[in-house]
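To keep things clear, I will list the structure first and then write my remarks on it.
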Ligand SMILES: C[S@@+](CC[C@H](N)C(=O)[O-])C[C@H]1O[C@@H](n2cnc3c(N)ncnc32)[C@H](O)[C@@H]1O
């Protein structure tokens, strides 16, 4: 596999799935992004709740969060990622689907999570409107993204040996996502940024590598 090959996300993540969890960037996000995600959910906790993770990958976040929810569902387009997820988290429900066209009815979930998946979508309006449609009134969506600035190009993913592949990636500025989300009925209530040193900040900094935004359905 050539290191220069750019593949559609489903193909790239199928190839990367057995190697994804051991990738150094996963350790970074799990150490620095997940605590911010969990804190937002804990601040929201609202009795019995149903959770959906859009672009759940190997299901690591869902495995940690599922004990706090009545129902936990992971959706991903990559069969390879879902195979790893199902083996690691047998009690979680995993569904293969495109997050731009969710196979769930209106008002099905209280909390929607989407971690670094929107970056693979050319038009984030489709998934944001699906989040708004499937979310119950007053529910929250926590959406994380890699930074849209020039330091990142197409997402590089590990595969067998030293080889890597790239997954098609689009740049979405956090404020653009907030504007698109508002048009879908989701109001951004907060946004924090993670620097390459792992610190959460609320202002722009050249060292920022990702963002964690929270949206609420009215
Ligand atoms: C960067 S990975 C993040 C995985 C997981 N959220 C995590 O935090 O490790 C992006 C995931 O989004 C999935 N994905 C990309 N485009 C998708 C789409 N249109 N529908 C469903 N899943 C998609 C990929 O297959 C991949 O598993």
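General observations
- Segment 180-203: number of residues that are part of a strand (DSSP E or B) and within 26 Å of residue 110 (Cα to Cα): 10
Residues checked against (1) within 20 Å of residue 9 (Cβ to Cβ); (2) modelled with pLDDT of 95 or more:
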site	(1), (2)
131	yes, yes
148	yes, no
155	yes, no
162	no, no
203	no, no
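- Any chance residue 48 is over 21 Å from residue 9 (Cβ atoms), crowded, with 21+ Cβ neighbours inside 10 Å and either without any contact (Cβ under 8 Å) to a residue 40 or more places away in the chain or out of contact with any helix residue (DSSP H, G or I) (no Cβ under 7 Å at 6 or more places or on another chain) (or both): no
- Tally, over segment 129-150, of residues that are closer than 22 Å to residue 209 by Cβ and within 16 Å of the ligand (Cβ to nearest atom): 8
- Single match in 216, 116 (criterion: surrounded by fewer than 21 Cβ atoms within 10 Å (Cβ to Cβ) and on the phi > 0 side of the Ramachandran plot): 116
- Being free of Cβ contacts under 8 Å to residues at least 12 places away in the same chain and over 20 Å from residue 145 (Cα atoms) is a property that residue 43 has.
- Test: residue in segment 174-187 that is away from the ligand (no atom under 13 Å from the Cβ), at pLDDT below 95 and within 17 Å of residue 26 (Cβ to Cβ): no
- Verdict on residue 106 being near the ligand (Cβ under 9 Å from one of its atoms), surrounded by fewer than 20 Cβ atoms within 10 Å (Cβ to Cβ) and part of a loop (DSSP other than H, G, I, E, B): no
The values are calculated or read from the model by the stated rules, or taken from the named source; none is laboratory data. Since we're looking at a predicted model, the values are computed, not measured. Neighbour counts are summed over all protein chains in view; Cβ atoms, including those assigned to glycine, are modelled from backbone coordinates with ideal geometry.
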